[in-house]
Structures are given as C-alpha cells and as structure tokens.
C-alpha cells in the first residue's frame, strides 16, 4: 500500500538525452553515488537523479529529517539502507522496480547494524528488470573485442543482426529479420539516421564511429513512445560519450587517449576525447577519432579456402580512411532546467567494386566515395520536482552526403561514360514528451492505493533527398540511371502518442497506449513509356521515350499497444505484450523511376503503395538471482515473439499501363498480398562471481513470406489488364538476405588480481541452413572463436589484446541481397590512457 492521501513527490531521472526509453530499473547495478550530509529530502532527490531510479515519498513523512550523506559505489538497495539509517524509514521496491519510502512498523525488525554492503559488477541488470525484450550494450561489450567495423559490436545481442559490405563503413541493422527503409529506426543520440542509396546492398545504412559510443539501447518490435513513429522492427539508439565516461571519480576534468593497431591490415584506430566541468553548471565534451584499415585477407582454413581466389585472395577495395568528431555542451540553467547542444560528425573515404578478389590485376574499383554524416541536436529538460511534469524536448538535424565518382562501366563498343554522383538525405526532427505520476485510491480493492504513470508526447520528422548525377566523359549513359534509382523527394511523419502504466501492489503492472501518425510524401520524376528505333548506324539503336509524373499523398493511422507483467517474487517476473505499428512507404519505394544501369530494364514508381502494418506479440520471463551462495549473480531473459506484417513492400516485375505482354522486365515496389511472418525465440543470460563470468545469447528465427503474390499492375492498365504470369506465387520476396535460422554467442571469462586482469574467449555461431546457393553453401554456416585479454593496470591505464577469428576460418557475412567474404584472423592491441 502507498499510504495516506497527503501530497507526494515523485522524482524521475532518465539517463538519456531527448529520447527517454521505457522505464528500466537498475536495482542491482552498482552506481557511483556522491550525496553530502544535510536534508534527507534533498538527499533522496539527489539519489534519484544520480541513479535514474523512479522514487516516490511523502514530504510530510520525511519532514526535516537529516542524513549524514553517502559516497562511493553501491547498489540501490544498499544505498537506500545506508542513507536512511536511523530515520525510521526504509525503501520498498515496487513491481516495476521503482521505490517508495515508507515508515518502519513498530513490529518490524530491521538489523541495519549487520548490513553487508555488496556492490554487484553486473552492468546488465537493468535489462533483466524490464518487462520487455529491450536490451542494451555497455562499454564492456562495445570494447572487449576490438571492432573492425560497426557491425561487429552486435554479435552479443539476441535477435539483432547486421548487413554490411566491408568495402564501406556503414551498417544496416536488422532486428528479428526486419531491416531497410526505416523499418528499424536507427538513431544517434536520439536523432534519426534515414540515409538512402539504392544498389545491391542494404538500403538504410548508418555511418558512425564505434569509438565514440558510450552505450547502445535496443528496443524490439513496434515502440509506443518516443522514437517509435514509422518503425515496425524496433528502435536502435547509439549513445555517444558523456562527461562521466571521461572523468575519473571526483574529478572536474578528464581526458581519454585510445590507440589500437593490429594484423590483417588493421593499421590504426585512435581516439582523443576530453571532458571538463566548469563550475557546477557547465560540462563540455570534445572528441576526435581516426581509423585506417587496408585490404584484409580472408580466412585460410575451412569454408571455401583453397577453392577459389574469389574467397581466399586478398580482399579488394576494403581499405577505409575515416575521421570522426564529437562536441557537446551541457548547461544546468537551474535546479529544474538544463540544455545540451551536441554535434556528431563522421567522414570517410573508400572504394567499391563488384568483386572481393584482388588477384586479377585488371580488377579496378567501380567507384570511389567520400562520405560526410553530420548531426546537430539541441536537448532541453524541465523537471520542477512535480508529480505531473518531467519534460524532455529535443530538436535535431542530420545530413548524410555521399559524393561518388563512378568509373566507366560499359565497354569500348558502347561506353557509358564516367559520372560524378551525389546522394544526400536530410532529416529534420523534434520530440517532446512528458512524464506524470498519479497516486490512485480505490478502497474497493484489496490494495487501496496504486500508482499510475503517464507518458505523453509528440514527435515529428521530415526527410528530403537531393540526388545529383553529372556525366563527365562521352558515352551512352544517362544520369537518371542513378537519380531515378535513388530519387529526390520529401516525406514527413507527425505522431502523437500516450503510454499509461498502472502498478498495483507488488506484483501487477499493466501498460496500455496508442499512437496517431500522419504521413505525407511528395516528388516527381519520369517514366519510360517506350522507345523509337534509330536509323542504321546510329548508337544507341533506340531512343527512349519518357513521360513526366508527380506524386503528392498523405495518410493517417492509429496503432495501439498493451502489456501485462506479473512479478511472482523479487527474482521472477513474466510478461505478455501485443502491439501494432506502421511503416510508411519510403521516398525510393514510392518514386522509383528511370532505367537500370545499361538500360537493362525500366523502373516504375508506385504512388499507391500501402503502408506496412505489423502486429507484434511477445511472451517473456526474467530471472534475477543475486548473491547466490553469497557471491554468485545469475540473470536470465527468455522470450517468444511473432511479428506479422501486412502489405510488406518488395520489388517485383510489373506491367506498364500500356503493356500487352510481360517481357519488358519493368521493376517496381509492390505490396505482397499475404502476411509476412517473423517468429522465433530469444535467450539472453549473464552470470558473474568473484572469479568467473559468462554471457550467453541465442536466437532461433523462423521466416514465412507467404505465397509471394502481388498486383502486377501498380499503375493500372489502359488495355484491359491482359493475362500475365507476373505477380503469381513466389514472384515476390525480400530484397535482403533472410536472417539466419540459428545465431548465438557464448562468452566465458575469468577475473584475476582483484579484477584487474580479465581473460576470456567467445564463440559465435551462425546457421543459415546452407543458403546462398552452391557458391556460398560452405561459408554461410560457421563457428568463430575469439580471444581477449583486459589488464587494468591502474584507473588511468588499461591494456587490451584481442584475437578475432582465432582459427582463421573462411566464412561469409550477409550483405544486402548476397553474402560478402569476412576477414581472417586478426590480432589487435589497444592502449587506453585516462588523465
């Protein structure tokens, strides 16, 4: 029971900027706490702000009580117990992990003088107290095995995969089999990254430097609050370094220098980051990163090693030259308000080619690229210590620009010419959300009081693309080969959402919400409507005829969600949830036009594309066993999910409005008639004791695309819809590699020298059931072994050594519509210095 009806103060401190994810509790995670002696009410406020916990107390009950303060590293339960010593009060954890301050009853015996303070080192605890499949990557997972590319950091996450060519530095994130065109909303510090470029790889690539990361938050399936608009697969938020990541405890400044080098063309990776606190109100952070890698050697054992130079020769065009930067300024206006201005930059030079094999001396790149990704964001927080107002607002702008020189791809008889290309996506967005809390009284229930938490807000984002193509040398090529496949246009989404969570007693939590979305898209282009034969001897032999078109449309949708959680004991919680989501057609899907390179076949727009509608169901259970036999922590999260998507959008061969035959090969984006289902189970577990630790994740994935039927007349017909075999069974399918049927990773480690020395091994497993045809069937099912060593010589000096692909296995990774050969054995050393 919550108690009497006197006014209460509920404080919330959410550890994110601008985008607040659903409340997660960190009851067993060790926190750095620094609270001076003085007013107990102020001390409780400070504790909530420093730990990010939801805390409720009655000011009349606290009165003028004082505390002697608290400083050091503690888990929440011990922090509360020490802070409240001698006050006659204690902290009670509710069903969702928030805390309520209560008075100790006369008959209640509390032996504070025998308290054994235990500071757990398991930084994942908040994952296992969330009644959802949401998860998180912390610094240990991000840096344990040095990543060659951003995709490498996701091996320890169940249900998450990536699609990436090792030739370019970007990554497309796949959540439970869903990716591309914004199906998964990927953000950097809460700012959407919506870059699009068409090709044979992924379409929805994000560019960032993993050295700049502090953590990664991952929500799976449709998300009901901020960040969830327009996404059906999930939300991934890359969070960059903050002041607390750089400064040592108790210091008002800190600098981190990180240098790495290794074998297999891992030339160098470095980071210089610094943070300073000016007075009590201003924090500044600046960082610059550098990476240079060359052409790596694939694995030389197993797989296709020795069978073909395509698979085991030095990999072509995989060198990358990158710079990154980070600037942040956080200012505390007063005790209630704060603002933060951030800039995150990424710059890279790289080459691309149609093969991985460098053994052919005539093998030249098809293109060279220069990429800039710039994000600017302003955050505002207002927390007036009120039950009804805890406001977070942000506004941001992102521009991803790729400048590319396309080399000659024709032949001497019919040269296409060389082109200067520019692909640019701009995104402007804003988010406003507020958290309010209400103490409810209901004498007609066994528990007379309960707690209602209400999260309401709005988000808006607008994308506009600006492709350019200029022919540099004579030839039969056409700029629309490039600007039509990645067309220019504008798309905007406005969303209003509300989420209400009711906590009843110590066991029950019910959450329900709804999201309204308004979508609009505009653009224009030209459709190939036929051709005219040219006179003999004229090249090319035909002159193509094009018809102009314009698109302007809008739609609106409502998506509900519901979740029920029940905590059997402090250690066991189960939940069931059902949610719906909407993914609006992207600019490329709607406005696609022009011809494929070489005039191979036409592309047609489809302004009538329906939005994808997903229905996601989940059932899960969490186990939290701490201090087993005095020194063992065991955490387990297991769940089943099914995400069924109506109107799934794929690219199919279609008829033109004037077609009487189906041999023209016209390609357009279309909606599949049948539901596409992504279903599976996930398991995540962590174990830690004084000597050893272990991490496990496993995903079993089932994919059902239905029959693959679609409408072959997206623009209608002016000749009576003639008979065609197009759009029939198995005609349509995903434009990216299906997720692996089984994936998993197991990490085992030991801790020595009072936790200063850690040594471990990791095994990564992927089973694609031999997909990829005969060329890839021996390289898509694999087991990779990694080793790593971490020596923390002092708080200021750390040494790391890792061996990636210890057995030098020859294997392949998903890359859009195909597979790409992966690096062989790589030994990488890293030195981290803080001062």
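The values are calculated or read from the model by the stated rules, or taken from the named source; none is laboratory data. What you are looking at is a predicted structure, and each value in this text was computed from that prediction instead of being measured. Positions of Cβ are backbone-derived with ideal geometry, glycine not excepted, and every protein chain shown enters the neighbour counts.
Here is a yes/no grid of residues against (1) assigned by TED's automatic domain parsing to the domain that holds residue 482; (2) at pLDDT below 90; (3) surrounded by fewer than 18 Cβ atoms within 10 Å (Cβ to Cβ); (4) more than 30 Å from residue 488 (Cβ to Cβ):
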{"residue": "389", "(1), (2), (3), (4)": "yes, no, yes, yes"}
{"residue": "402", "(1), (2), (3), (4)": "yes, no, no, no"}
{"residue": "415", "(1), (2), (3), (4)": "yes, yes, yes, no"}
{"residue": "423", "(1), (2), (3), (4)": "yes, no, no, no"}
{"residue": "428", "(1), (2), (3), (4)": "yes, no, yes, no"}
{"residue": "444", "(1), (2), (3), (4)": "yes, yes, yes, yes"}
{"residue": "447", "(1), (2), (3), (4)": "yes, yes, yes, yes"}
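Of 477, 457, all but one fail to be at pLDDT 90 or above, in the same structural domain as residue 497 (by TED's automatic domain parsing) and out of contact with any helix residue (DSSP H, G or I) (no Cβ under 9 Å at 6 or more places or on another chain); the exception is 457.
Being touching a residue at least 24 places away in the same chain (Cβ under 8 Å) and outside any strand (DSSP E or B) holds for only one residue in 305, 348, and it is 305. Of the strands (runs of 3 or more DSSP E) lying entirely inside the stretch 571-654, those containing at least 2 residues that are within 21 Å of residue 714 (Cα to Cα), modelled with pLDDT under 95 and in the same structural domain as residue 479 (by TED's automatic domain parsing) are 649-654.
Exactly one residue out of 455, 398, 426 is under 17 Å from residue 510 (Cβ atoms) and either under 32 Å from the mean Cα position of the chain (by Cα) or touching a residue at least 40 places away in the same chain (Cβ under 8 Å) (or both): that is 455. Condition check: in a strand (DSSP E or B), at pLDDT 95 or above and touching a helix residue (DSSP H, G or I) at 6+ places or on another chain (Cβ under 8 Å). Does residue 324 satisfy that? For residue 324, the condition - in a strand (DSSP E or B), at pLDDT 95 or above and touching a helix residue (DSSP H, G or I) at 6+ places or on another chain (Cβ under 8 Å) - is met. Residues of the stretch 217-233 include none that is more than 30 Å from residue 678 (Cα to Cα) and outside any loop (DSSP other than H, G, I, E, B). Being closer than 29 Å to residue 127 by Cα and without any contact (Cβ under 8 Å) to a residue 40 or more places away in the chain: is that true of residue 569 here? Here the answer is yes, as residue 569 does meet what is asked. Could you tell me which residue of the stretch 512-561 is surrounded by the most Cβ atoms within 10 Å (Cβ to Cβ), considering only residues that are in a strand (DSSP E or B) and without any contact (Cβ under 8 Å) to a residue 12 or more places away in the chain? Within the stretch 512-561, the match that is surrounded by the most Cβ atoms within 10 Å (Cβ to Cβ) is 542.
Considering only residues in the stretch 39-89 that are in contact with a strand residue (DSSP E or B) (Cβ under 6 Å, 6 or more places away or on another chain) and part of a strand (DSSP E or B), the one that is surrounded by the fewest Cβ atoms within 10 Å (Cβ to Cβ) turns out to be 71.
The stretch 152-211 holds no strands (runs of 3 or more DSSP E) entirely within its bounds that carry 3 or more residues that are assigned by TED's automatic domain parsing to the domain that holds residue 423.
Against the numbered list (1) in a strand (DSSP E or B); (2) closer than 22 Å to residue 151 by Cβ, residue 832 comes up short only at (2).
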